[in-house]
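Taken together, the values in this text are just the output of simple stated rules run on the coordinates, not laboratory data. As the structure is a prediction and not an experimental result, all values here were calculated from the model. Cβ: placed from backbone, ideal geometry, glycine included. Neighbour counts: every protein chain shown.
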Amino acid sequence: MKKVTIFFLILGILAIAVGGIGSAVFYQRAKISMVKNQQEAYTIKNKKDIKELHLTLSGNAAYILRSSTDNQVSMNTQSSVTTPINSSFDAKESKETLTVSVSGNQKNETFEQFDFQFFHLEDSQIELTIPADIERLVIDGDASGTIDVYDFITTKLEATIDHADINFISNTSEEININSRNGYINIYGDSRIEKLSLKSEYGNTSIYGFTGNEVEIITSSGNIDLNDVKTSKLTADSKNGEFYIIDLRGDVELTGKSGSIYLAGENLPKKMNAVMEHGDIEIDLPQGVDNITIKAESELGDVDLLDEESSTYKRGKNGSEFELKTNTGDISVYDIYYYEEEYEEYEE
């Protein structure tokens with residue numbers, strides 16, 4: 001009886017294994033059959049004369065821009081049956097400028113009545129490859145999806161986008177200027193940009209992992225998020241938004257009308273001048289800060305500098321210098337010892 005039981009148990013396990021392998025093979029084949037790729041390309045005729053590539057993007061599709069080592073500008077539209085994309089591609093040369101226009105409109109209604117939780121397809125997208133040695137890259141248009149820009153090395157890069165979220169990942173350039181009307185601006189990866197200017201009317205701005213000489217950020221309504229940023233000079237202004245800052249190095253000027261400022265991390269700015277009209281300013285100093293000078297002023301709010309109700313604080317010399325001011329709000333500066341004492345009191 002036991003032998004019969006073991007036999008059927010082994011048979012069941014083999015059936016499950018074969019079924020699993022068959023399902024995986026079926027999934028891959030079904031996935032390939034349900035994803036279509038449309039490819040178009042333009043070979044640059046006078047490559048040595050082309051100094052600028054003007055790229056106009058339109059439609060609600062997701063765009064991915066990558067650099068290449070050849071003399072072509074190419075488009076690959078990956079379109080699934082669940083989210084099909086109608087795309088078009090056009091390129092023209094004129095003296096020192098190559099103008100490329102790409103349109104991608106994505107439809108989502110084809111299979112809205114079905115639930116595809118058991119069968120996940122990669123998102124439809126348009127991938128563009130552009131020669132890496134283009135001196136100046138200009139991006140504009142009325143695209144309203146997302147635009148990801150990867151691994152470019154340029155002298156100058158400009159982007160003027162009204163409605164799309166734009167992400168720059170691991171780019172190197174002497175100068176990058178980004179203007180957005182209604183979308184997020186994100187700088188990711190190990191980016192090295194000598195001069196960076198980010199301007200947004202409505203949308204958050206983020207910089208993660210950055211080395212450069214000069215940074216300017218201006219937003220009418222949106223948060224500013226900075227993490228692991230090393231620069232000689234940074235100026236940031238948000239009329240209505242929060243500042244979240246971790247590991248920022250350099251000389252810093254922050255201004256805001258309505259919002260708050262939070263600064264922390266193992267690395268601190270050498271000099272920082274922070275002025276808010278309405279909002280709190282909070283700074284968490286890292287452990288081991290021996291040299292720092294702080295001047296703080298709040299017209300309608302409390303000032304607490306390392307557990308002291310004072311408008312000035314100084315420890316050591318030749319260290320970081322902070323000038324903090326808010327009209328209506330509190331200013332608080334803590335260090336690691338403050339949190340340790342709070343924790344010990346809580347434990348007792």
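In this rough spin-label picture, where each label sits 7 Å from Cα along the Cβ direction, the T155-N86 distance is 4.0 nm. Spin-label model, N213/H163: points 7 Å from Cα along the beta carbon direction are separated by 3.8 nm. Here K36 is the anchor, and the lysines within straight C-alpha reach of less than 25 Å, apart from those fewer than 8 places off in the same chain, are K107.
Of all lysines in the structure, the ones whose alpha carbon falls short of 28 Å from that of K317, not counting any fewer than 8 places away in one chain, are K230, K233, K270, K271, K295, K325.
Extension gain for Y262 to K47 (0.36 nm times residue separation, less C-alpha to C-alpha distance): 72.6 nm.
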